[in-house]
1. Compare 16, 29, 61 in a GNM of the chain, Cα atoms joined below 10 Å, and give the one with the largest fluctuation.
2. Which of these, 102, 94, 19, has the largest mean-square fluctuation under a Gaussian network model of the chain (Cα springs below 10 Å)?
3. Could you give me the ³J(HN,Hα) list for segment 114-119, computed from phi with Karplus coefficients 6.51, -1.76, 1.60 and θ = phi - 60°, whole Hz, x at Gly and Pro?
4. With θ set to phi - 60° and the Karplus curve 6.51 cos²θ - 1.76 cosθ + 1.60, what are the ³J(HN,Hα) couplings of segment 128-133 in order, to the nearest whole Hz, using x for Gly and Pro?
5. Tell me, in nm to one decimal, what length is gained between residue 175 and residue 141 on full extension, where the rule is 0.36 nm per residue of separation less the Cα-Cα distance?
6. Please name which of 118, 149, 171 has its Cα lying farthest along the dipole of the chain towards the positive end, using unit charges on Cβ (Lys, Arg +1; Asp, Glu -1) and the Cα centre as origin.
7. Rank 54, 181, 81 by mean-square fluctuation in a GNM of the chain with C-alpha springs under 10 angstrom and give only the top-ranked residue.
8. Rounding to the nearest 20 debye, state how big the charge dipole of the chain is about its Cα centre with +1 on each Lys and Arg Cβ and -1 on each Asp and Glu Cβ.
Amino acid sequence: MHRLIYPVTTETFSDTEGGFQAELTDISTNFPIAEATISITSLDNPSRPVEVLRTDSSGFTPFINLPAPPYELSQTPSDVRPYSEYILDISAPGYEPIRISGAEILAGVTAKQQVQLLPSPAGLPDTVEEFIIPDHTLYGSYPPKIAEAEVKENTSSGEIVLPSVVIPEFVVVHDGTPNNRNAKNYTVRYRDYIKNVASSEIYATWPESTIYANILAILSFTLNRVYTEW
């Protein structure tokens, strides 16, 4: 849930750098968090931070450029990783610190990291919660998708889930295979879920029409699950 969001951008970068900006909010109030510190370290060389940023009164850090592999690597399939990976250590007075490991930066686009922090419990020491972002699905090695029948019989009568078609505000995401009852369920905003799936399955360096087509496919698949549990 902490994967970077890659917007289409018209900003100018070299072929070996991408943009980055973070936005911090309070998870309980959604208010912006000012004066938070984000220390950015390369995952390939974690000995010292490459940048240390602070949020403004709106909860945003400045835009910065970070080194990334050549832009061309993300245009065609390759065994070479087309993005650089960074560690984000985030802290703010009165909030629990977190670490995001494996934040991905692609050349030629700006990545935005949206983070919600939990207020620190009074009288308890702060513990750092770590979120590890796995390899992008276009680069990493993952098991094949679980096969499903193209046509499934429906023995129920009437509506299965919802009486009418609506766009949900939240969806429940099962973090595991359907039969894994030990996997956790997370309730996330539908818009955030779509953005996170898109940034996990496609590269923001692709042509804009291709990005739109992929997002429409993700929207259709997700809504099919919501309406039919199929």
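1. Its mean-square fluctuation being the largest, the pick is 29.
2. Taking springs between Cα atoms under 10 Å, the residue moving most is 94.
3. Each residue's phi maps through the Karplus curve to give 9, 10, 10, 9, 8, x Hz.
4. 7, 8, 10, 10, 9, 8
5. 10.5 nm
6. Result: 149, furthest along the dipole toward the positive end.
7. Residue with maximal mean-square fluctuation among 54, 181, 81: 181.
8. 360
Each reported figure results from applying straightforward, stated rules to the coordinates on display, with no laboratory input. None of the values given here were measured: they were computed from a predicted structure. Every residue, glycine as well, gets a Cβ built from its backbone with ideal geometry; the counts of neighbours run over all protein chains shown.
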